[in-house]
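The values are calculated or read from the model by the stated rules, or taken from the named source; none is laboratory data. Remember, predicted model here, so these are calculated numbers, not experimental data. All Cβ positions, glycine included, derive from the backbone under ideal geometry; neighbour counts span all protein chains shown. What goes into the accessible areas is simple: the full protein's heavy atoms, side chains included, and nothing from ligands, DNA or RNA. Shrake-Rupley method; radii C 1.70, N 1.55, O 1.52, S 1.80 Å.
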Amino acid sequence: AATSLSYATIADCQFYENGNLDMPYGGAISLGEYSDDVLISNCSFIRNAAEYGGGICLYSTNLNINISDAIMTSNEASIDGGGVYLYKSSSRIAISSSYISSNTAARNGGGICSQSNVSRLSIYNCTIEDNSASAGSGGGIYIGDTHEYLSLGGLAPITVETAHPYAVPVLSGT
């Protein structure tokens, strides 16, 4: 039987070398068809791999998720979202005070890839650097399709590999 939670907390964890490039979703964490609130705090995601979301994959969800004080480095996606992949999510997602670096995706969003109907996405007080998207767009962040609300603030420089209409440009500071 399925377990029903009202709130899940993942804190003070290290996810190291999980998954592989043939695994479909989320090398370290995969949340799909999930409808509760989730807090991921003070966790490290290092050298994890998957097709979508080398570190974290959120798809077909309806939740509030807060990722804070995370380190995501050297994760790899054989398709999209080296660090984080968000897809078909009618969720409110906040990523704050996190370091997202040296992640790679074969197509879009080396650091973060957000596609298809994410209701509210906020990324603030993060350092996003040295990520790459080899055959697509958005080395740092790729934003695709519909987003009801998008907020970026207090970011250190973002490295974006190509100038695609949905790729977030290089930002500094504010």
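Hey, could you check the range 13-64 for residues that are of a type in the set (D, E, K, R) and part of a loop (DSSP other than H, G, I, E, B) and say which is modelled with the lowest pLDDT?
Glu33
Scan the range 117-145 for residues that are more than 20 Å from Val38 (Cα to Cα) and either in a loop (DSSP other than H, G, I, E, B) or not acidic (Asp, Glu) (or both) and the total you get is 18. Restricting attention to the range 111-125, the residues that are open to solvent by less than 10 Å² (accessible area, probe 1.4 Å) and either more than 16 Å from Asn64 (Cα to Cα) or among the β-branched types (Val, Ile, Thr) (or both) add up to 5.
Flag: Asn108 matches the condition of being closer than 22 Å to Leu150 by Cα, open to solvent by 10 Å² or more (accessible area, probe 1.4 Å) and either modelled with pLDDT of 90 or more or part of a strand (DSSP E or B) (or both). Candidates in the range 126-137 are the residues that are open to solvent by less than 40 Å² (accessible area, probe 1.4 Å) and within 13 Å of Thr104 (Cβ to Cβ); of these, the one that is modelled with the lowest pLDDT is Gly136. The conditions of being surrounded by 23 or more Cβ atoms within 10 Å (Cβ to Cβ) and either more than 12 Å from the chain's Cα centre (by Cα) or polar (S, T, N, Q) (or both) are met by Ala50. Only one of these is at pLDDT 85 or above and either touching a Ser or Thr at 6+ places or on another chain (Cβ under 9 Å) or of a type in the set (Phe, Trp, Tyr) (or both): Gly140, Gly153. Name it. Going through Gly140, Gly153 in turn, just one is at pLDDT 85 or above and either touching a Ser or Thr at 6+ places or on another chain (Cβ under 9 Å) or of a type in the set (Phe, Trp, Tyr) (or both): Gly140. Any residue that is of a type outside the set (Gly, Ala, Ser), open to solvent by 10 Å² or more (accessible area, probe 1.4 Å) and at pLDDT 95 or above - is there at least one of those in the range 80-98? No, the conditions are met nowhere in the range 80-98.
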